[in-house]
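Following: one structure in structure tokens, then a few remarks.
The values are calculated or read from the model by the stated rules, or taken from the named source; none is laboratory data. Quick caveat, the model's predicted, so the values are computed rather than measured. Cβ placement follows ideal geometry from the backbone for every residue including glycine, while neighbour counts extend to all protein chains displayed.
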Amino acid sequence: MLATLLLALASNAQALPQARLALPSAGHTHRITAIALSPDAAWVASADRLGFVQIRAAQGGREHFHADVVRQPERGVEALAWSGDANFVATAASEAVTVVELRTMEVFARLPLEGASDVSDDFGSDTLLAAGITKGRWWLARVRPQEVEADELVGGPCSDAAAGLARLTRHGTRACVALADGSAKLVDLKSGELTLEFPAADAVRGFLPDGRLLSLSTDPQDKKIQRLAWRDGASGVVLGTRDFVAGSEFYSQRVWWHGASGFSLPIVDSQLRRFSGEELSAPAPLPIELDRLVGAPGRQPGEWIVSLGTPAGVNRYELGFYDERKQAIVERWEGRTDAVRSMRAEVGANEMWLGGAHPARVSWSDAGMSVAPLPAQPQLVARLPGGGLLVARAEPHEVQFLAANGVVEARLSLGEGQYPQEILLDPTGRHAAVRTWNRLHLVAIEPRTLKWSKDVGASSVTFTALGAVVFSPDGERVAVSGYRTHTSPDNSLRVDGELALFEVADGRVAWTAPLAIAQMRFVLDGTQIGGIHGDHNQYVSVSAATGELKRRPYWESRLGGHRGTWLQSGKLAAVGSGTTVFLTRPDDGYCERQIQVPDWTYSALAFGPEDRHLWLGCDDGRVQVLDATTGALVATVATLEAGEWVVATPDGRFDASPKALDELYYVRGREALPLAAFSEAFYTPRLLPRVLSGEVLPPPKVELAKLEAPPRVELLAVGPDSANGSFEVLLRSHGSRAPAELRLFHNGKRVSLSGKPEKDSDSTAKATASFSLKHSLELVPGPNVLRLVALTSQRTESAPAELTLERGGATAVRPRLFLLACGVNEYANPKYNLNYARADAEAFSSAWRERTGGLFEQVDVTLALDSDVTRVGLAQHFERIAASASPTDVFVFYYAGHGVIDGRGAFHLAPHDVMQLYGDDAGLAQKGVPTKDLLAWSQAIRAQKQLFLLDACQSGGALEGLAQRGAAEEKAIAQLARASGTHWLVASGAEQFAAEFKTLGHGLFTYATLEALSGAAAGDDRQLTVLELSSYLETRVPELALEHRGAQQYPASYGSGHDFPIALSRP
């Protein structure tokens, strides 16, 4: 009997689920082995042969759980099952049953049940069953997740043919354990007694929904003839049979069904048959993309959740929904990233090159982070001296010389069938080596010629690891490693590693050695070649003069592959083995130190600048950045297609590109919470460069573990107030306490609310109370989209409630434009004076007046300059516009002058009479314009379409802490845009100065804006919209900055309102 197992790993049953950011993942990057739909049809669980389990919402496919539950190399999940109450998912993986709790979406317990190969629900809703085979013995156990216990019910000896596999089905209080040899055992789950045994010849597969037993066997004379038999579930007597012909041998050991309506038998030759009662249907074809026919019943009859094969060139397996009636995949859940298969650091630069199905170059600076998609794997691109790139392409098979602007200047053909695997420039910059599957090509940089090509292996074997080519320090010799195939004396095909050293001058082979090495380098002053042994994943070195093996390590990895790299200094080789990275000295092979890493499922590793951080490229598509000394997780990076990216830190902070932000969300157990719910507390601009630079960020104001659940909100139509379009709506929030703030948006623009929500009288005694507020607003002609959110005192935000109202009978009119342009050249403190802010404001207002007449019924321009720009003066201008503007109008605010972050991290415009930008928070509070004022002024203006443009310079005399201040400014403006439902375009941030140039007569940001208004950015319809202006500035401002000052300036854009036209170009 198995002993009762008690584990301390169980979660605290009373602990609240902790919210966490759901980063984009690749889904399953290894073959899916099990799929199961929860009993309430709300969740889909899936597992793969690497040991990862994924839990998604059945509607929409949002991922709530994704983790390696096995935590051992090469120990994949065999099966998974839900408890009857849908509170737990259990997985079987050879040596253990792991239980995931749905309430917390965390691993609840691991029970070391040796030989576990299947799990099932039990007749008790809160228990599960597990079956397996170990040491020539089968067993059936009951798992009680709440008590973290497992007890064996029954077991016994089995044949060698049955070893390694036991399949489990249940009907009522009886279970069937089907073994691999065709034999089966029936067990009474109440008594734990073995009630019936079937010999191997009966080929019993398990219970059917109606309690009958199913047998499925193959005709010994014709493997394509399958015999289906159904038996009495108690006695085992055969009640009937059906023979059918399959295109190939029956594959699956499992039976799929939908309740009592029938079940289907998956056939390996892409056919599906339905069996109901005593009838077996004709085969129905299945889509060719189905992978191994791993599946489970879907959300409705006739629907199956299936595993889909790997898309071309992509390292992932996906889940799909197959509709049996339509005979088609009707829905598929795709991974958002791809497994990172290789990495390379650009020495001397803040760059990391990631290889995979969608390779990319990650770069960072004080200005922020960017991800550039690459046209080929990163090892197929090399930087040329003086700028430009050398790119090796598979189609066509050639090497291309690219200028700095991307123009192809020259092409060299590698020959038909030559698919590049790696490219490397020599240390002198005179030559480049291109390795294909079976040849090494040497390219001369000047003149641009293909110098020679030599055979280095067989095309039938691919050596894809990085670092299989290396030049000597003087560039006179090049080593290449790979595999060579040949026929042995017994006529079998052998594959052996080979390392060869070539003379660059003529391609002559100096020597060969019988081993394959990846991540090669010349070490010890060029006297040895060291790297990672391709077969044993250990550091080895050979003599550079003779090829003689010099060093082997004093340890050996338990994982194969090429998971190794070098410190950028070249002093130590790093080899990954499980959760340990060994740093090995090249002179004697001793391990100098070890780095413990949090995860073993990485495929590549590389060190960042100055060897301060170790980057791990993982199978789930994410990159973990660790402290190279302690191994502590510093940040997680996920790159998506088209250059989108996400960065997160363990304390819950995040940063992301604009489109990636739209895909992010938080999960708290079963809940999926919008990203906006936590943005005020955890959004941190320029997060990656800040943590990599060693900046110590203050702890978030709220801990993730202590976050309150956001309230739930409702938005209800009450009725019209009057005939002039006013309409009353009811705003309601449900939660344990009154919301700290309600935000109502009308067609994307936030409106000002009067009063506070009051507690409803009928919810006084309830744990969850309701708080309501009525509000009247003026509807505009056409659709009126209302959106309501509520915030807690911790600044967590609810999911929005939306309501659309239609105002009919009103005639649409052309909107009016209200423009307020401000420019401050002369400050009361002359040391802050600027050169072109006044000219910028004047030119801006003039251009806007010229380019907008055809769009608007009226253009109202207010120009405020120098001493007229004060906090009091700006308030008066905003008040005047608020008194005139209607919801259908457009408001634009332009400001050229200083902007500043105070000591508390709050952003201010610095008008004319601010005497000190930094170090005088009291003076700034009195004279500056904080974001809360801009928010209030914006809300007071009823115009639903609003655009704010800030050409705000940093002060040259306040350099200390500008990176931190710039990030705070960026976050403040981003929050202001979200809170107000308006668009903001900002010249620069951090240490970037919004540059002014005499040759242009304007600041760069304003100069580019004037270009856009003149027609440079307008579309085919001649209209310039806010988003078109934003896109133009993001491209044009860095170009102008590079041209005029040799360093780039990056504008930023933030917006949550609707896009709208703002100018017309000349025909």
Taking into account only those residues within the stretch 127-175 that are of a type in the set (A, V, I, L, M, F, W, C) and assigned to a loop (DSSP other than H, G, I, E, B), which is farthest from V99 (Cα to Cα)?
C158
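Table: residues versus (1) surrounded by 21 or more Cβ atoms within 10 Å (Cβ to Cβ); (2) farther than 30 Å from P650 by Cα.
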position	(1), (2)
L704	no, no
P711	yes, no
E728	no, yes
R737	no, no
In the stretch 83-93, the residues that are farther than 26 Å from L21 by Cβ and either under 27 Å from the mean Cα position of the chain (by Cα) or surrounded by 20 or more Cβ atoms within 10 Å (Cβ to Cβ) (or both)
S83, A90, A92, A93
Look through the stretch 639-656, keep the residues that are small (G, A, S) and modelled with pLDDT under 85, and return whichever of them is surrounded by the fewest Cβ atoms within 10 Å (Cβ to Cβ).
A642
Qualifying residues in the stretch 326-366 (those that are part of a strand (DSSP E or B) and under 16 Å from the mean Cα position of the chain (by Cα)) - the one modelled with the lowest pLDDT:
G355
Which listed residue is part of a loop (DSSP other than H, G, I, E, B), surrounded by 24 or more Cβ atoms within 10 Å (Cβ to Cβ) and either more than 22 Å from the chain's Cα centre (by Cα) or among the aromatic types (F, W, Y) (or both), from V99, V77:
V77
Considering only the stretch 201-244, give the strands (runs of 3 or more DSSP E) lying wholly within it that have at least 2 residues that are surrounded by fewer than 18 Cβ atoms within 10 Å (Cβ to Cβ).
225-231
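Quick grid of which residues meet (1) touching a strand residue (DSSP E or B) at 6+ places or on another chain (Cβ under 7 Å); (2) charged (D, E, K, R); (3) free of Cβ contacts under 8 Å to residues at least 12 places away in the same chain:
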site: V99; (1), (2), (3): yes, no, no
site: E114; (1), (2), (3): yes, yes, no
site: D118; (1), (2), (3): yes, yes, no
site: T134; (1), (2), (3): no, no, no
site: W138; (1), (2), (3): yes, no, no
site: E152; (1), (2), (3): yes, yes, no
Surrounded by fewer than 20 Cβ atoms within 10 Å (Cβ to Cβ), within 26 Å of V785 (Cα to Cα) and at pLDDT below 80: does that describe Q975?
yes
Give the residue that is surrounded by the most Cβ atoms within 10 Å (Cβ to Cβ), with candidates limited to residues of the stretch 783-832 that are under 41 Å from the mean Cα position of the chain (by Cα) and of a type in the set (D, E, K, R).
E797
Elements of type strands (runs of 3 or more DSSP E) in the stretch 732-833, at least 3 residues being within 23 Å of P710 (Cα to Cα) and not hydrophobic (A, V, I, L, M, F, W, C):
741-746, 769-778
Options V100, V69, V107, V119: the member that is among the β-branched types (V, I, T), farther than 30 Å from E644 by Cα and touching a Phe, Trp or Tyr at 6+ places or on another chain (Cβ under 8 Å):
V100
Expected output for the stretch 837-853 (first residue farther than 16 Å from L1024 by Cα, partner among the hydroxyl-bearing types (S, T, Y), Cβ below 6 Å, 6+ apart or cross-chain) is D840/T1006
Does the stretch 673-688 hold any residues that are at pLDDT below 85 and of a type in the set (F, W, Y), and which are they?
F678
Selection within the stretch 1022-1051 - modelled with pLDDT under 75 and either closer than 20 Å to A656 by Cβ or part of a strand (DSSP E or B) (or both)
Y1050
Look at A109 and say whether it is touching a helix residue (DSSP H, G or I) at 6+ places or on another chain (Cβ under 8 Å) and small (G, A, S).
yes
Of E106, E147, E95, which residue is among the charged types (D, E, K, R), within 26 Å of Y665 (Cβ to Cβ) and in the same structural domain as T173 (by TED's automatic domain parsing)?
E106
Being outside the structural domain of Y1054 (by TED's automatic domain parsing), polar (S, T, N, Q) and under 22 Å from G355 (Cβ atoms): is that true of T636 here?
yes
Members of the stretch 158-178 that are under 46 Å from the mean Cα position of the chain (by Cα), over 23 Å from S83 (Cα atoms) and in contact (Cβ under 8 Å) with a residue 40 or more places away in the chain:
G164
Subset of the stretch 740-776, residues in contact with a Phe, Trp or Tyr (Cβ under 6 Å, 6 or more places away or on another chain) and either under 30 Å from F1060 (Cα atoms) or in contact (Cβ under 8 Å) with a residue 40 or more places away in the chain (or both), comes to none
Within the bounds of the stretch 15-27, is there any residue that is closer than 29 Å to I133 by Cα and either surrounded by fewer than 23 Cβ atoms within 10 Å (Cβ to Cβ) or at pLDDT below 90 (or both)?
no
Note: among T173, T169, just one is at pLDDT below 90 and closer than 19 Å to S120 by Cβ, namely T169
Matching residues in the stretch 179-220 (touching a residue at least 40 places away in the same chain (Cβ under 8 Å) and among the hydroxyl-bearing types (S, T, Y)) number 0
Quick one: which residue in L673, L688 is part of a strand (DSSP E or B), not acidic (D, E) and not assigned by TED's automatic domain parsing to the domain that holds L803?
L673
